[in-house]
1. So which pairs qualify, if the first residue must be in the range 255-272 and touching a residue at least 40 places away in the same chain (Cβ under 8 Å) and aliphatic (A, V, I, L, M), the second must be surrounded by fewer than 18 Cβ atoms within 10 Å (Cβ to Cβ) and in a strand (DSSP E or B), the Cβ gap must be under 7 Å, and the two must be at least 6 apart or on different chains?
2. Go over the candidates 189, 182 one by one and state the one that is closer than 30 Å to residue 150 by Cβ, surrounded by 20 or more Cβ atoms within 10 Å (Cβ to Cβ) and not charged (D, E, K, R).
3. Quick check: is even one residue across the range 257-279 over 30 Å from residue 44 (Cα atoms) and assigned to a helix (DSSP H, G or I)?
4. Here's a check for you: in the range 25-63, which residue that is more than 15 Å from the ligand (Cβ to nearest atom) and in a loop (DSSP other than H, G, I, E, B) is farthest from residue 342 (Cα to Cα)?
5. Among the helices (runs of 4 or more DSSP H) lying completely within the range 447-531, list those that include at least 1 residues that are at pLDDT below 85 and surrounded by 16 or more Cβ atoms within 10 Å (Cβ to Cβ).
6. Suppose we filter 179, 107 for residues that are part of a loop (DSSP other than H, G, I, E, B), at pLDDT below 95 and among the hydrophobic types (A, V, I, L, M, F, W, C); which single one remains?
7. Tell me, which residue of the range 82-100 that is within 11 Å of the ligand (Cβ to nearest atom) and small (Gly, Ala, Ser) is farthest from residue 150 (Cα to Cα)?
Amino acid sequence: MENKVSTSYDETQIQVLEGLEAVKKRPGMYIGSTSSRGLHHLVYEIVDNSIDEALAGYCDTITVTINEGNIITVEDNGRGIPVGMHPKMGIPAVEVVFTVLHAGGKFGGGGYKVSGGLHGVGASVVNALSKYLEVEVSDGEHVHFQRYEGGKSTGPLKIIGDTKKTGTKVTFLADDEIFETLEYEYDVLLTRLREQAFLNKGIRIILEDKRGEEPISKEFKYDGGICSFVEYLNRAKTPLHPEVIYFEAEKNDVVLEIAMQYNDSYTESITSFANNINTTEGGTHETGFKTALTRVLNDYAKKHNLIKEADKTLSGEDAREGLTAIISVKVLEAQFEGQTKTKLGNSEVRGLTESITAEGLDTFLEEHPQVGKIIIEKALTAARAREAARKARDLTRRKTALESSTLPGKLADCSDRDPAKTEIFIVEGDSAGGSAKNGRDRAYQAILPLWGKMLNVEKARLDRVYGNDKLLPVIMALGAGIGEDFNVEKLRYHKVIIMADADVDGSHIRTLLLTFFFRFMRPLIEGGYVYLAQPPLYKVSKGKKEVYAYDDDELARVMAEFDGEGKIQRYKGLGEMNPEQLWETTINPETRKMLRVRLEDAKIADEIFTILMGDAVEPRREFIQENARYVTNLDV
Ligand code: TTJ
């Protein structure tokens with residue numbers, strides 16, 4: 001009998017080409033964007049396939065290499081993508097994986113696909129968006145090879161050698177006509193791969209960067225899984241109890257894991273994942289966890305007479321102050337909702353997370369009464385501090401109501417009152433502040449100079465931030481309040497621009513302000529109102545011609561343009577520029593460069609801040625060592 005090929009080869013090819021054309025035409029629909037972020041998604045998409053193979057139990061090592069020229073290689077030691085004919089398509093299964101949209105995953109094997117990049121679109125999308133892609137499958141006997149260009153195979157799958165090993169190796173070069181940049185950021189890939197290693201315990205993930213003069217390589221393998229993740233997040237903090245609290249459960253095809261540990265800071269850090277995807281918008285797993293946590297702590301405190309004041313209860317915020325937690329859930333069919341599709345919608349997950357958390361935490365507390373006591377005391381202190389902060393806030397409210405719209409004395413305000421049209425520059429240092437004042441357009445640009453050492457936000461509670469003479473002007477100038485009272489609708493400027501030098505002090509101020517905004521005015525960051533000014537690093541002049549360069553690459557380009565005869569002036573600080581120069585290079589919307597701060601940037605600033613300002617010495621030493629190259633770059 002003839003085999004049951006339901007589709008002819010020609011039809012398949014047409015289907016393939018139409019599918020891939022759609023991807024090229026609207027790349028954003030498939031990978032979110034064609035910016036740096038979309039570029040990095042290509043790597044995640046490929047790596048996720050290897051992680052699935054590891055979760056199925058057939059692979060323990062994944063190597064990701066950034067080669068010279070930003071060519072990526074991902075290699076695993078799994079079973080290898082099947083090379084046999086696909087019964088319906090009439091082409092090898094591996095070719096289907098790379099050329100047919102939405103193919104991939106199930107090839108006869110049981111088990112289900114739990115990982116998957118943010119968009120979970122598969123390898124064919126990566127292929128469609130690559131200049132070329134090559135796959136090598138080792139099946140224990142032969143090495144099979146196929147190459148694609150612009151998504152199309154350049155020839156049939158063929159055997160290029162013998163092997164005793166098994167595994168899959170994929171090499172690709174992203175298409176520079178589709179992506180705004182091809183430059184992979186080592187730290188971005190590092191963070192993501194480390195996270196995947198935490199979430200999938202026992203898998204060895206290696207990242208190599210071969211672009212520089214000396215190759216760098218880093219290896220992750222965490223047998224402790226998300227417990228190790230919590231320890232890692234708390235590494236620069238002082239834990240309130242030695243062991244990480246952990247519970248897991250599996251029910252109706254839902255696998256749930258929770259790890260948590262309190263530290264002596266005031267920050268809440270709950271990070272949740274669904275099918276290995278970071279659910280930054282939260283969802284049912286997070287709400288289930290939070291509900292159970294608040295209830296269990298209140299019940300436990302009552303039962304053991306740990307709350308002295310009658311009818312006092314702990315709020316959710318009290319219960320979460322200083323808590324670092326990871327929630328990881330794996331479900332068969334995750335529903336992702338929300339603006340960025342990072343909010344878990346599956347309603348069955350809420351109840352499950354709530355009951356598992358309640359049961360697990362209650363058991364833990366009953367078995368560890370000393371830890372129970374410490375946690376309740378922490379939450380009670382938080383409750384009292386919140387009370388004090390509320391009182392302080394009421395006082396300031398009354399005061400501002402009396403003095404009606406007091407603005408800080410140092411603020412050089414603009415004349416336009418329409419927030420949508422106005423900007424405020426928060427400027428480091430008095431001399432730069434003077435230049436900025438004279439170099440701005442006072443119709444719509446306000447300047448607020450900051451000077452001196454700022455408050456250490458890490459150690460400050462909300463009630464102290466109120467009394468701080470460096471941050472108070474910022475709060476007053478923005479006019480939108482702070483903490484729970486923050487109201488973005490009252491914001492007086494829709495662009496809040498941090499302007500600081502490109503040196504160590506400047507980066508300190510930036511980190512500090514971003515951390516402050518992240519902790520106390522988060523909607524400001526989430527709404528995309530915060531920017532970083534980008535002053536130039538160099539001025540190059542030749543005769544009457546003057547050109548500014550914003551980084552070393554640009555300097556090299558300008559020098560080449562000037563046939564190597566330009567005179568280079570390196571700006572050490574904003575204060576060295578006169579008002580006209582500052583206007584032209586940094587303030588004028590027509591000519592300036594500015595970076596919009598994303599939530600991730602602020603989160604990283606917050607982490608750096610914790611490491612630099614926290615009590616723990618070892619992580620600080622490590623951080624400074626690891627970042628020595630940046631620091632020296634900035635410090636010359
Ligand atoms: C599927 O079930 C049968 C045996 O092989 C399974 C499989 O496809 N495993 C697999 C796929 N391991 N690794 C991959 C893979 C690796 C990379 C780097 C890229 C892609 C698209 C798949």
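The values are calculated or read from the model by the stated rules, or taken from the named source; none is laboratory data. Model, not experiment: these values are computed from the prediction. So basically every Cβ, Gly included, is an ideal-geometry build from the backbone, and we count neighbours across all protein chains shown.
1. Short answer, once both residue conditions are applied: 256/248; 256/249; 258/247.
2. From the options 189, 182, the qualifying one is 189.
3. No: zero hits.
4. Result: 26.
5. Of the helices (runs of 4 or more DSSP H) lying wholly inside the range 447-531, those with at least 1 residues that are at pLDDT below 85 and surrounded by 16 or more Cβ atoms within 10 Å (Cβ to Cβ) span 462-467, 471-478, 504-520.
6. That would be 107, the only listed residue that is part of a loop (DSSP other than H, G, I, E, B), at pLDDT below 95 and among the hydrophobic types (A, V, I, L, M, F, W, C).
7. So, considering only residues that are within 11 Å of the ligand (Cβ to nearest atom) and small (Gly, Ala, Ser), the one farthest from residue 150 (Cα to Cα) is 84.
Yes or no, residue by residue, for (1) under 29 Å from residue 322 (Cβ atoms); (2) of a type outside the set (A, V, I, L, M); (3) without any contact (Cβ under 8 Å) to a residue 40 or more places away in the chain:
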position: 518; (1), (2), (3): yes, yes, no
position: 529; (1), (2), (3): yes, yes, no
position: 548; (1), (2), (3): no, yes, yes
position: 556; (1), (2), (3): no, no, yes
position: 567; (1), (2), (3): no, yes, yes
position: 579; (1), (2), (3): no, yes, no
position: 593; (1), (2), (3): no, yes, no
position: 603; (1), (2), (3): yes, yes, no
